[in-house]
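Please read the structure below before turning to the comments.
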Amino acid sequence: MNTLDVIKAKNPGEPEFCQAVSEVAEYVLPFIEQNPKYKQFKIFERMAEPERVIMFKVPWVDDKGEIQINRGFRVQLNSAIGPYKGGLRLHPTVTLSVLKFLAFEQVLKNSLTGLPMGGGKGGSDFDPKGKSDSEVMRFCQSFMTELYRHIGHNLDIPAGDIGVGKREIGFLFGQYKRLKNEFTGVLTGKGNEWGGSLIRPEATGYGLIYFMEAILKSNNSSFENKVITISGSGNVAQFAVEKAIQYGAKVVTLSDSNGYIYDESGITTEKLAFVTELKDVKRGRIKEYIEKYPEAKYFEGKKPWDIKCDIALPCATQNELDENDAKLLIANGCKFVGEGANMPCTAEAATVFKSKKIPFAPGKAANAGGVAVSGLEMTQNSLRYSWSKEKVDQRLKGIMMEIYNTCVKYGTEADGYVNYERGANIGGFVKVAEAMIDQGVV
Ligand code: NDP
Ligand code: 2IT
């Protein structure tokens, strides 16, 4: 059996994890063939095995007094270049496979940022939809009552992901502080009043647009007057819309797991403020957009990839854009694709884009801005100081440009087409591999 088949056989019933490893293997295994020391030290096989996986019971009592039991996880995948770092996801679709895929991607993504962070991911199958603030608090407290013994500001620093924003980070941080009796930067995405970094909420969406701007520029283009379709309507989607508007583009779609809205005239700053209030405060659904803006249309149970656009930015979840969607996008004139979410395009969809020479920015490069500013939050916590908005934003831009350059360095093909997937995977891999060799067989 070859290396990839051995890994797949070792992880049966983990389709997302095997998918993520296969996508990386496509580029990294041939690279390893050309660099035998990585083969000798079995770097890829070792990277595909988490250093530690923690699974635990999360019991809590709902508002009716009924006992609920969820399952909690933390996957500590690789700590070669720094403490484990990565978000927590609260969503009913969370499984060990999903979190292992996310942790695996996180290792390479964090390496690309140039900051000293290893990779991890965690979460639970808890569904925050329809839960009261008190229920979310009780869940978070129960979750942290086990997790606290496995994390720490020099060991593992979780943050947000799907279903985890400022509210949840607050509840988790409060419980950690109470249990440990110490105030440290154990989580990122904290409120500005208690150790959070300015620009962290914006960072993933802004970073995505900065990365795409570099791609557009290298293709003698810009965001000016471009039509963009975006999926999702959460943290990443909202700030991608905000920055895209600032750069002169017109964003025409947003979605959630029930359907999407199409606003042909474009989502303005005022409409975006409505979406932010709807999603973050009222915790409503995207279809309510058409009640407020009846000129827009809502498509139940559909994804926005049948709308004509210049640029598509999937910002919701994994495998939300498949081969047929990719073909449809191209047929409708889409010329650039950037992943705001983690692995939103299936491997088949990515192959379609690359075969048509569409610049395609994979999540581990294009959405690295979020974890990059998490890294800057850790730095500020260590300094016991906070930087201005301008300073953090400037650093974020600088990091996204460095990731872009790394992708170009390792991903430029003979005909000049930049395969950003190749560039990101090899660029992320090299640093971790070198650190693993230096540290011996551990
Ligand atoms: P949010 O919870 O803020 O928003 C998630 C959005 O995606 C919601 O609109 C949600 O709709 C939708 N969604 C979630 N699950 C599904 C599903 N199974 N099918 C369809 N739609 C779904 O999360 P974020 O914006 O933070 O995260 C979005 C993506 O970006 C994820 O892939 C995440 O891993 C990635 N990411 C996030 C970073 C961050 O800093 N937050 C950093 C880098 C990547 P609904 O309300 O219906 O669930
Ligand atoms: O997927 C991701 O990079 C995140 N959810 C952010 C992780 C972090 O530690 O900020």
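The values are calculated or read from the model by the stated rules, or taken from the named source; none is laboratory data. Since the structure is predicted, the reported quantities are computational estimates derived from the model, not experimental observations. Don't worry about glycine lacking a Cβ; one is built from the backbone with ideal geometry, like all the others, and counts go over all protein chains shown. Surface accessibility is based on the protein's heavy atoms, side chains included, excluding ligands, DNA and RNA. Shrake-Rupley method; radii C 1.70, N 1.55, O 1.52, S 1.80 Å.
Observations
- Label zone of R46 (point 7 Å out along Cα→Cβ, amide N under 11 Å): in the range 105-134 this covers no residue at all.
- With semi-axes defined as the square roots of five times the eigenvalues of the C-alpha gyration tensor, the equivalent ellipsoid of the chain measures 30, 29, 21 Å, largest first.
- With a Förster radius of 25 Å applied to the beta-carbon distance between S382 and I437, the computed FRET efficiency rounds to 0.35.
- Three-way shape call for the range 31-142 based on the alpha-carbon gyration tensor, with the a/c threshold at 1.5: prolate
- Alpha-carbon centroid distance for the pair the range 171-235 / the range 339-355, whole angstrom: 22 Å
- The aspartates and glutamates whose alpha-carbon is closer than 12 Å to the alpha-carbon of K100, local same-chain residues fewer than 8 away aside, are E14, E16, E49, E51.
- Pairwise Cα separations in the range 1-80 fall into 5 Å bins from 0 onward with the following percentages, short to long: 3, 12, 18, 19, 14, 9, 7, 6, 5, 3, 2, 1, 0.
- Within the straight-line cut-off of under 16 Å between alpha carbons, the lysines reachable from K37 are K431, sequence neighbours fewer than 8 places apart in one chain being disregarded.
- Taking trypsin sites (Lys or Arg not before Pro) across the range 346-439, the ones in a DSSP loop with at most 12 further Cβ atoms lying within 10 angstrom of their Cβ are R384.
- Gyration tensor verdict on the range 286-415 (Cα atoms; rounded if a/c is under 1.5, prolate if a/b is larger than b/c, oblate otherwise): oblate
- DSSP-defined antiparallel bridges as percent of all bridges, the chain, nearest 5: 60 percent
- Radius of gyration and maximum dimension Dmax of the range 271-321, Cα, Å: 12.3, 32
- Residue pairs, from the table K302/K356; K109/K226; K243/K356; K250/K308, whose Cα atoms sit over 23 Å apart: K302/K356; K109/K226; K243/K356
- The slack between E402 and K10, meaning 0.36 nm per residue of separation minus the straight C-alpha distance, is 137.6 nm.
- Remark: the chain carries a charge dipole of roughly 800 debye about the Cα centre, counting +1 on each Lys and Arg Cβ and -1 on each Asp and Glu Cβ.
- DSSP loop GluC sites (Glu not before Pro) with at most 13 other Cβ within 10 Å: longest gap in the chain: 296-412
- In this structure the range 2-54 gives 52 Å² per residue of accessible area when probed at 1.4 Å with all protein chains present.
- Accessible area expressed per residue, the range 308-372, with surrounding protein chains retained (probe 1.4 Å, Å²): 29 Å²
- Within straight-line cross-link reach of K131, lysines at Cα separation under 18 Å, skipping those fewer than 8 residues along the same chain: K64, K166, K279, K282
- Rounded FRET efficiency, nearest 0.05, which uses the C-beta distance separating E348 from R178 and R0 of 35 Å: 0.15
- Taking amide H as placed 1.01 Å from N in the peptide plane, K85 has its amide H under 5 Å from the amide H of G118, G119, G120, I157, each at least 5 places away in sequence or on another chain.
- For the chain, relative contact order (Cα pairs under 8 Å, six or more residues apart, normalised by length) works out to 15 percent.
- Value at 222 nm in deg cm²/dmol, rounded to 500, when DSSP H runs of n ≥ 4 in the chain each add -39,500 (n - 2.57): -14500 deg cm²/dmol
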